[in-house]
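Asker: First, the structure itself, so that you have it in front of you.
The values are calculated or read from the model by the stated rules, or taken from the named source; none is laboratory data. Just so we're clear, the structure is a prediction, and the values are computed from it rather than from any experiment. Here the Cβ positions follow ideal geometry from the backbone for every residue, glycine too, while neighbour counts run over all protein chains shown. Surface accessibility is based on the protein's heavy atoms, side chains included, excluding ligands, DNA and RNA. Shrake-Rupley method; radii C 1.70, N 1.55, O 1.52, S 1.80 Å.
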Amino acid sequence: METLQAKTRDMSIKAKKLRREGYLTGSISGREIPESISIAIPQNKAAQFMKKHSIGSRAIINVDGTEYKTIIKGVDYDALNHRYIDMTFQQLIADEKIHATAEIFFINEDKAKGFLTHALSKIDYKAYPADLVDKIEIDVSKYPIGTHLAVADLDIAKNDKVDIVTPLDSSVLHVLDHQHMSAEDEAMIEAAEAAAAGTDEA
(Lines give C-alpha, C1' and ligand atoms only; values in the text may rest on other atoms or scores of the structure.)
Protein backbone atom coordinates (compact mmCIF):
# COMPACT_ATOMS: atom_id res chain seq x y z
CA MET A 1 0.00 0.00 0.00
CA GLU A 2 1.45 3.35 -1.02
CA THR A 3 1.29 6.45 1.14
CA LEU A 4 -0.31 9.75 0.17
CA GLN A 5 0.64 12.80 2.22
CA ALA A 6 -2.08 15.15 3.45
CA LYS A 7 -2.79 17.68 6.17
CA THR A 8 -5.81 18.51 8.28
CA ARG A 9 -7.94 21.01 6.40
CA ASP A 10 -8.52 24.42 7.95
CA MET A 11 -12.27 24.72 7.42
CA SER A 12 -12.07 28.51 7.60
CA ILE A 13 -10.34 28.41 4.20
CA LYS A 14 -12.72 27.92 1.29
CA ALA A 15 -12.14 25.12 -1.21
CA LYS A 16 -11.56 27.56 -4.08
CA LYS A 17 -8.77 29.27 -2.16
CA LEU A 18 -7.20 25.90 -1.33
CA ARG A 19 -7.23 24.97 -5.01
CA ARG A 20 -5.55 28.24 -5.94
CA GLU A 21 -2.89 27.38 -3.38
CA GLY A 22 -2.30 23.99 -5.02
CA TYR A 23 -4.41 21.70 -2.84
CA LEU A 24 -7.49 19.57 -3.33
CA THR A 25 -10.07 18.81 -0.65
CA GLY A 26 -10.74 15.37 0.77
CA SER A 27 -12.20 13.39 3.63
CA ILE A 28 -11.66 10.16 5.53
CA SER A 29 -14.55 8.33 7.20
CA GLY A 30 -14.90 5.01 8.97
CA ARG A 31 -16.30 3.06 11.90
CA GLU A 32 -13.42 4.04 14.16
CA ILE A 33 -13.57 7.72 13.17
CA PRO A 34 -16.37 9.47 15.12
CA GLU A 35 -16.48 12.36 12.68
CA SER A 36 -15.07 12.32 9.17
CA ILE A 37 -11.64 13.93 8.88
CA SER A 38 -11.44 16.82 6.43
CA ILE A 39 -8.08 16.94 4.70
CA ALA A 40 -6.14 18.89 2.09
CA ILE A 41 -3.87 17.08 -0.36
CA PRO A 42 -1.22 18.69 -2.58
CA GLN A 43 -2.43 18.67 -6.19
CA ASN A 44 0.88 17.43 -7.57
CA LYS A 45 1.04 14.56 -5.06
CA ALA A 46 -2.53 13.51 -5.85
CA ALA A 47 -1.92 13.60 -9.61
CA GLN A 48 1.23 11.50 -9.25
CA PHE A 49 -0.55 9.04 -6.96
CA MET A 50 -3.53 8.62 -9.29
CA LYS A 51 -1.30 7.68 -12.23
CA LYS A 52 -1.03 4.24 -10.61
CA HIS A 53 -4.27 4.09 -8.64
CA SER A 54 -8.02 4.40 -9.15
CA ILE A 55 -11.31 4.16 -7.26
CA GLY A 56 -11.13 0.94 -5.25
CA SER A 57 -7.37 1.12 -4.70
CA ARG A 58 -5.97 0.88 -1.19
CA ALA A 59 -3.95 3.77 0.18
CA ILE A 60 -2.27 4.87 3.39
CA ILE A 61 -3.17 8.50 4.07
CA ASN A 62 -0.65 10.28 6.28
CA VAL A 63 -2.43 13.21 7.92
CA ASP A 64 -0.02 15.36 9.93
CA GLY A 65 1.97 12.26 10.89
CA THR A 66 -0.99 9.97 11.66
CA GLU A 67 -1.51 7.14 9.19
CA TYR A 68 -4.88 5.74 8.11
CA LYS A 69 -5.25 2.59 6.02
CA THR A 70 -8.00 3.36 3.53
CA ILE A 71 -9.65 2.58 0.24
CA ILE A 72 -10.35 5.25 -2.37
CA LYS A 73 -14.13 5.62 -2.49
CA GLY A 74 -14.55 8.60 -4.78
CA VAL A 75 -12.61 10.99 -6.99
CA ASP A 76 -13.79 14.29 -8.45
CA TYR A 77 -11.75 15.32 -11.49
CA ASP A 78 -12.01 18.67 -13.25
CA ALA A 79 -11.49 17.69 -16.89
CA LEU A 80 -11.58 21.30 -18.07
CA ASN A 81 -8.62 22.32 -15.90
CA HIS A 82 -7.01 18.86 -15.84
CA ARG A 83 -6.84 18.55 -12.08
CA TYR A 84 -8.29 16.59 -9.19
CA ILE A 85 -10.50 18.68 -6.92
CA ASP A 86 -11.77 16.23 -4.29
CA MET A 87 -11.10 12.72 -3.01
CA THR A 88 -12.95 10.59 -0.46
CA PHE A 89 -11.49 7.68 1.49
CA GLN A 90 -12.93 4.99 3.77
CA GLN A 91 -10.90 3.61 6.62
CA LEU A 92 -10.19 -0.11 6.41
CA ILE A 93 -11.17 -2.21 9.45
CA ALA A 94 -9.90 -5.82 9.47
CA ASP A 95 -13.21 -7.37 10.61
CA GLU A 96 -15.52 -5.18 8.53
CA LYS A 97 -16.67 -5.98 5.01
CA ILE A 98 -16.88 -2.88 2.86
CA HIS A 99 -18.58 -2.06 -0.41
CA ALA A 100 -15.80 -1.55 -2.94
CA THR A 101 -15.27 -1.08 -6.66
CA ALA A 102 -12.70 -2.72 -8.91
CA GLU A 103 -12.10 -0.93 -12.19
CA ILE A 104 -11.75 -3.02 -15.35
CA PHE A 105 -8.73 -2.41 -17.59
CA PHE A 106 -8.60 -3.95 -21.06
CA ILE A 107 -5.01 -4.49 -22.19
CA ASN A 108 -3.46 -5.38 -25.57
CA GLU A 109 -6.51 -4.07 -27.43
CA ASP A 110 -4.27 -3.41 -30.44
CA LYS A 111 -3.68 -7.18 -30.63
CA ALA A 112 -7.34 -8.17 -30.43
CA LYS A 113 -8.43 -10.91 -32.83
CA GLY A 114 -11.73 -9.19 -33.63
CA PHE A 115 -13.95 -6.19 -33.01
CA LEU A 116 -14.36 -5.56 -29.27
CA THR A 117 -17.39 -4.38 -27.38
CA HIS A 118 -17.37 -3.84 -23.65
CA ALA A 119 -20.13 -2.24 -21.60
CA LEU A 120 -18.73 -2.44 -18.08
CA SER A 121 -15.93 -0.30 -16.67
CA LYS A 122 -16.11 -1.54 -13.07
CA ILE A 123 -17.31 -4.34 -10.80
CA ASP A 124 -19.03 -3.58 -7.48
CA TYR A 125 -18.46 -6.05 -4.66
CA LYS A 126 -18.13 -6.49 -0.88
CA ALA A 127 -15.14 -7.98 0.91
CA TYR A 128 -12.92 -7.76 3.98
CA PRO A 129 -9.81 -5.56 3.61
CA ALA A 130 -7.53 -8.57 3.17
CA ASP A 131 -9.51 -9.68 0.12
CA LEU A 132 -9.92 -6.37 -1.71
CA VAL A 133 -9.17 -6.28 -5.44
CA ASP A 134 -7.64 -3.03 -6.69
CA LYS A 135 -8.28 -3.59 -10.38
CA ILE A 136 -9.22 -6.21 -12.94
CA GLU A 137 -7.00 -6.59 -16.01
CA ILE A 138 -8.36 -8.42 -19.03
CA ASP A 139 -5.86 -9.33 -21.77
CA VAL A 140 -8.11 -9.20 -24.84
CA SER A 141 -5.39 -10.58 -27.15
CA LYS A 142 -5.91 -14.13 -25.89
CA TYR A 143 -9.62 -14.36 -26.68
CA PRO A 144 -10.76 -15.72 -30.08
CA ILE A 145 -13.59 -14.35 -32.20
CA GLY A 146 -16.92 -15.38 -30.70
CA THR A 147 -15.81 -14.95 -27.09
CA HIS A 148 -18.40 -13.56 -24.71
CA LEU A 149 -17.25 -12.81 -21.17
CA ALA A 150 -19.75 -12.13 -18.40
CA VAL A 151 -19.03 -11.03 -14.82
CA ALA A 152 -19.43 -14.66 -13.71
CA ASP A 153 -16.43 -15.62 -15.89
CA LEU A 154 -14.01 -13.31 -14.08
CA ASP A 155 -11.64 -14.53 -11.35
CA ILE A 156 -13.10 -12.06 -8.86
CA ALA A 157 -16.51 -13.72 -9.23
CA LYS A 158 -14.98 -17.14 -8.54
CA ASN A 159 -13.42 -15.98 -5.26
CA ASP A 160 -15.64 -17.25 -2.44
CA LYS A 161 -14.28 -14.52 -0.17
CA VAL A 162 -15.80 -11.83 -2.36
CA ASP A 163 -19.51 -11.00 -2.61
CA ILE A 164 -20.24 -9.67 -6.11
CA VAL A 165 -22.87 -6.92 -6.24
CA THR A 166 -22.85 -6.37 -10.01
CA PRO A 167 -25.21 -8.89 -11.68
CA LEU A 168 -23.23 -11.99 -12.63
CA ASP A 169 -24.79 -12.18 -16.09
CA SER A 170 -23.70 -8.64 -16.99
CA SER A 171 -21.72 -8.57 -20.22
CA VAL A 172 -18.05 -7.63 -19.87
CA LEU A 173 -16.57 -8.35 -23.32
CA HIS A 174 -17.57 -9.54 -26.79
CA VAL A 175 -15.07 -10.37 -29.54
CA LEU A 176 -16.77 -10.12 -32.93
CA ASP A 177 -15.68 -10.84 -36.50
CA HIS A 178 -14.96 -7.58 -38.36
CA GLN A 179 -16.07 -9.01 -41.70
CA HIS A 180 -19.17 -10.91 -40.74
CA MET A 181 -21.05 -8.84 -38.23
CA SER A 182 -24.78 -9.45 -38.46
CA ALA A 183 -27.54 -6.92 -37.83
CA GLU A 184 -27.91 -8.57 -34.42
CA ASP A 185 -24.19 -7.98 -33.71
CA GLU A 186 -24.48 -4.33 -34.73
CA ALA A 187 -27.53 -3.90 -32.50
CA MET A 188 -25.58 -5.48 -29.64
CA ILE A 189 -22.70 -3.06 -30.20
CA GLU A 190 -25.06 -0.10 -30.15
CA ALA A 191 -26.67 -1.38 -26.95
CA ALA A 192 -23.26 -1.90 -25.32
CA GLU A 193 -22.11 1.59 -26.30
CA ALA A 194 -25.34 3.10 -24.97
CA ALA A 195 -24.95 1.20 -21.70
CA ALA A 196 -21.34 2.34 -21.37
CA ALA A 197 -22.35 5.95 -21.99
CA GLY A 198 -25.02 5.68 -19.32
CA THR A 199 -22.52 4.20 -16.85
CA ASP A 200 -20.04 7.01 -17.50
CA GLU A 201 -22.71 9.67 -17.00
CA ALA A 202 -23.72 8.06 -13.71
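Asker: Is it the case that the stretch 54-61 has a residue that's of a type in the set (S, T, N, Q) and under 15 Å from residue 5 (Cα atoms)? So that I can check it myself, show each step before the final result.
Answerer: As a first pass, look at the stretch 54-61 and keep what is of a type in the set (S, T, N, Q): 54, 57.
Imposing the further condition that a residue be under 15 Å from residue 5 (Cα atoms) reduces the set to none.
No.
Asker: Taking the condition of being over 24 Å from the mean Cα position of the chain (by Cα), modelled with pLDDT of 95 or more and among the hydrophobic types (A, V, I, L, M, F, W, C), how many residues in the stretch 1-53 meet it?
Answerer: 0
Asker: Would you say residue 133 is touching a Phe, Trp or Tyr at 6+ places or on another chain (Cβ under 9 Å), β-branched (Val, Ile, Thr) and in contact (Cβ under 8 Å) with a residue 24 or more places away in the chain? Can you show your working first?
Answerer: Working: touching a Phe, Trp or Tyr at 6+ places or on another chain (Cβ under 9 Å): yes; β-branched (Val, Ile, Thr): yes; in contact (Cβ under 8 Å) with a residue 24 or more places away in the chain: yes.
Judged against the criteria, residue 133 is a match.
Asker: Looking for whichever is among the aliphatic types (A, V, I, L, M) and closer than 12 Å to residue 101 by Cα here; the options are 138, 145, 123. Which one fits?
Answerer: Details: 138 fails: closer than 12 Å to residue 101 by Cα; 145 fails: closer than 12 Å to residue 101 by Cα.
Checking each option against the conditions leaves just 123.
Asker: Need the failing condition index for residue 37 against (1) closer than 27 Å to residue 172 by Cβ; (2) out of contact with any Leu (no Cβ under 8 Å at 6 or more places or on another chain); (3) not small (Gly, Ala, Ser), just the number.
Answerer: For residue 37, the failing item is (1).
Asker: Okay, next question. I'd like the full set of residues that are of a type in the set (Asp, Glu) and loosely packed, with under 15 Cβ neighbours inside 10 Å, limited to the stretch 97-115. I'd like the intermediate steps shown before the answer.
Answerer: If we filter the stretch 97-115 for residues that are of a type in the set (Asp, Glu), which is where we start, we get 103, 109-110.
Listed by number, the residues that qualify are 109, 110.
Asker: Which is out of contact with any Cys (no Cβ under 6 Å at 6 or more places or on another chain) and part of a loop (DSSP other than H, G, I, E, B), of 168, 173, 116, 149?
Answerer: Details: 173 fails: part of a loop (DSSP other than H, G, I, E, B); 116 fails: part of a loop (DSSP other than H, G, I, E, B); 149 fails: part of a loop (DSSP other than H, G, I, E, B).
Testing whether each residue is out of contact with any Cys (no Cβ under 6 Å at 6 or more places or on another chain) and part of a loop (DSSP other than H, G, I, E, B) leaves just 168.
Asker: Quick one: which strands (runs of 3 or more DSSP E) sit completely within the stretch 1-94 and have at least 3 residues that are open to solvent by 60 Å² or more (accessible area, probe 1.4 Å)? Let's see the steps before the verdict.
Answerer: Values: elements: 3-8, 23-30, 33-42, 58-63, 66-78, 83-91.
Answer list for the stretch 1-94: 3-8, 33-42, 66-78.
Asker: Count, please, the residues in the stretch 69-111 that happen to be among the hydroxyl-bearing types (Ser, Thr, Tyr) and touching a residue at least 60 places away in the same chain (Cβ under 8 Å).
Answerer: As a first pass, look at the stretch 69-111 and keep what is among the hydroxyl-bearing types (Ser, Thr, Tyr): 70, 77, 84, 88, 101.
Then keep just the ones that are touching a residue at least 60 places away in the same chain (Cβ under 8 Å); that gives 84, 88.
Within the stretch 69-111, residues that are among the hydroxyl-bearing types (Ser, Thr, Tyr) and touching a residue at least 60 places away in the same chain (Cβ under 8 Å) number 2.
Asker: Among the residues of the stretch 116-148 satisfying the criterion of being open to solvent by less than 70 Å² (accessible area, probe 1.4 Å) and farther than 20 Å from residue 168 by Cβ, which is farthest from the chain's Cα centre (by Cα)? Break it down into steps so the answer makes sense when it comes.
Answerer: Within the stretch 116-148, the subset open to solvent by less than 70 Å² (accessible area, probe 1.4 Å) is 116-121, 123-125, 127, 129, 131-134, 136, 138-141, 143, 146-147.
Adding the requirement that they be farther than 20 Å from residue 168 by Cβ leaves 116, 129, 134, 139-141, 146.
On the way: 116: 21, 129: 16, 134: 8, 139: 18, 140: 19, 141: 23, 146: 28 Å.
Looking at residues that are open to solvent by less than 70 Å² (accessible area, probe 1.4 Å) and farther than 20 Å from residue 168 by Cβ, I get 146.
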